[in-house]
1. Can you tell which of 48, 71 is within 17 Å of the chain's Cα centre (by Cα), surrounded by fewer than 16 Cβ atoms within 10 Å (Cβ to Cβ) and either assigned to a helix (DSSP H, G or I) or free of Cβ contacts under 8 Å to residues at least 12 places away in the same chain (or both)?
2. Which condition breaks for residue 58 when tested against (1) over 30 Å from residue 106 (Cβ atoms); (2) out of contact with any helix residue (DSSP H, G or I) (no Cβ under 6 Å at 6 or more places or on another chain); (3) at pLDDT 80 or above?
3. For the stretch 76-103, what are the residues that are buried (at least 16 other Cβ atoms within 10 Å of the Cβ) and in contact with a strand residue (DSSP E or B) (Cβ under 9 Å, 6 or more places away or on another chain)?
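The values are calculated or read from the model by the stated rules, or taken from the named source; none is laboratory data. These figures come from a predicted structure and were not determined experimentally. Backbone-built Cβ (ideal geometry, glycine too); neighbour counts: all protein chains shown.
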Ligand SMILES: [Zn+2]
């Protein structure tokens, strides 16, 4: 639900979601970095497990380990960043802007 502007009462209110955008981007970047690290350790773990099966197992193991590690890191951090940004939007930033006047405001407790 979109609130009305508390300053001029206008219903033409947009949510800016600045923090969520920044947080999501930052989280995705951090996720990519940790995803790379996760891919590396995933590949190592996969290769270890695969080595028990044989040479082909090493390749398959490190590949699937890398994919899983990278995916997990990227997704986890991306989601965490977006969530954090959302929190910042709600609690710190003036998340709403009014189209009629040049006012920004914070929503009341949701
Ligand atoms: Zn307004």
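1. Details: 48 fails: within 17 Å of the chain's Cα centre (by Cα).
After ruling out the rest, the residue left standing is 71.
2. Residue 58 satisfies every listed condition except (2).
3. 89, 93, 95, 96, 97, 98, 103
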